[in-house]
Structure formats: C-alpha cells, structure tokens
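The values are calculated or read from the model by the stated rules, or taken from the named source; none is laboratory data. Everything numeric in this text was worked out from a predicted model, so none of it was measured. Glycine also receives a Cβ, built like all others from the backbone with ideal geometry; neighbour counts cover every protein chain displayed.
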Amino acid sequence: MWNSRQPGDQHHVNADQTPHFVVTIGVVLLVAVILVIVGLVGVVLPAIPGTILIFAGLWLAAWSDGFARVGVGTIVALGIMAAATYFIDAATMALGMKRFGTSRRAMIGAAVGMTVGLFLGLPGLIIGPFAGAVIGELTAHHDMRRAGMAGMAAWIGFLIGTAVKIGLAFVIIGIFLAAWFVF
C-alpha cells in the first residue's frame, strides 16, 4: 500500500508498486497528448476551445512529473500566451478594418457578427464578421461597394488572426517541448 509507511521507515517504493505508478503516469501523459491534439483542432474550429485545451494538456504533462522538467514559471508564461490568443481575432480584424478605412459601425458590426458566429459553428464564424461589417458599414454609409470592402477587410483580418493563433499555438507547444526535452 502507498500509505503503509510507519514513522522511521525509509522513503522508498516497493518493487510491486512501481508498475502501478508507471501506468498512472503513462495514462496522465496520454490524456495530456489527447488534450493537445484536440486543442490544435480547436484552434481552427470555433466549437472547441483550442488554446485552453492545449494549455490544459501541457499543464497536465508538466504536473505529471511535479513540474521538474517544465517549471511553474514556464507554465505561467504559456498560460498567458494561451490567453492572449483569444484577443488576437478581434485585434487583427480591427486593425485590418482600420487599414481599409471602414467606419466604427462596421467594426462594431464585425465584432457582433463574430460573437454571434461563435454560436453558429464554422460557417457562422466565417460569415458572421463579414455580414456584421457589411451591415454596420451600410448603416453608416449607404454605399454597397464600401460595405463590401468593409466585409472583406473584416474577413481578411479574421483569417490573419486565425493564422497568427495557429502559429502561436505551435510556439506554445514548441516552448513546452524545448523545456521538457532540452533545458
């Protein structure tokens, strides 16, 4: 038994207990890998919280060895990076729209469209920012060409944001792997 030590006993694990410990760590690491893989899918698909799952898997792996290979400081830094990815979509969309000279209403419309699109799956997430920007721009300027440009700016910003999120997800995983295997 794990807790059968008496005061004064040597701190060691009996040979018959070692396989259970190894199997438990193996299962924990398998769950961690599954979380990271599902998280990578979720970076692109809106219904799955991608970077949260990636971070959860990496945290679980670090926890499995008592944060000996990947320290708490590294995990905190990775958590901050993972949290930052949730602001990237909105920021890149806003920057793209500002670059194209769209109105404030178009920016608000794109943000609303993106938020509503989250609940409608991948098609909603693709169409939502575009439609929101078009509607917002049409309320500010009754020019269909300008509204279409606002929608395209929102969509391009969203695509750039997604590409940045994917890149950042791989950077997070790379930092973890470097800490686990190299440092």
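Worth a mention:
- Residue selection: Thr74 fails the criterion of being of a type in the set (S, T, N, Q), crowded, with 22+ Cβ neighbours inside 10 Å and touching a helix residue (DSSP H, G or I) at 6+ places or on another chain (Cβ under 8 Å).
- Sub-6 Å Cβ pairs linking a first residue in the stretch 151-167 that is over 14 Å from Lys98 (Cβ atoms) and at pLDDT 90 or above to a second residue that is buried (at least 17 other Cβ atoms within 10 Å of the Cβ) and not small (Gly, Ala, Ser), at least 6 apart or interchain, are Gly151/Phe130; Gly151/Val134; Val164/Ile88; Lys165/Val43; Lys165/Thr85; Lys165/Ile88; Ile166/Val43, ordered by first then second residue.
- Taking the conditions (1) touching a Phe, Trp or Tyr at 6+ places or on another chain (Cβ under 6 Å); (2) under 30 Å from Trp59 (Cα atoms) in turn, Phe119 satisfies each one other than (1).
- Any hit, the stretch 166-183, residues being more than 30 Å from Asp65 (Cβ to Cβ) and surrounded by fewer than 15 Cβ atoms within 10 Å (Cβ to Cβ): no
- Some residue of the stretch 127-144 being closer than 21 Å to Leu40 by Cβ, surrounded by 15 or more Cβ atoms within 10 Å (Cβ to Cβ) and out of contact with any Lys or Arg (no Cβ under 7 Å at 6 or more places or on another chain): no
- Per-region count, the stretch 20-45, residues under 15 Å from Trp63 (Cα atoms), surrounded by fewer than 17 Cβ atoms within 10 Å (Cβ to Cβ) and either within 11 Å of the chain's Cα centre (by Cα) or without any contact (Cβ under 8 Å) to a residue 24 or more places away in the chain (or both): 6
- Filter pass, Met107 being touching a residue at least 12 places away in the same chain (Cβ under 8 Å), within 29 Å of Ile75 (Cα to Cα) and out of contact with any Cys (no Cβ under 9 Å at 6 or more places or on another chain): no
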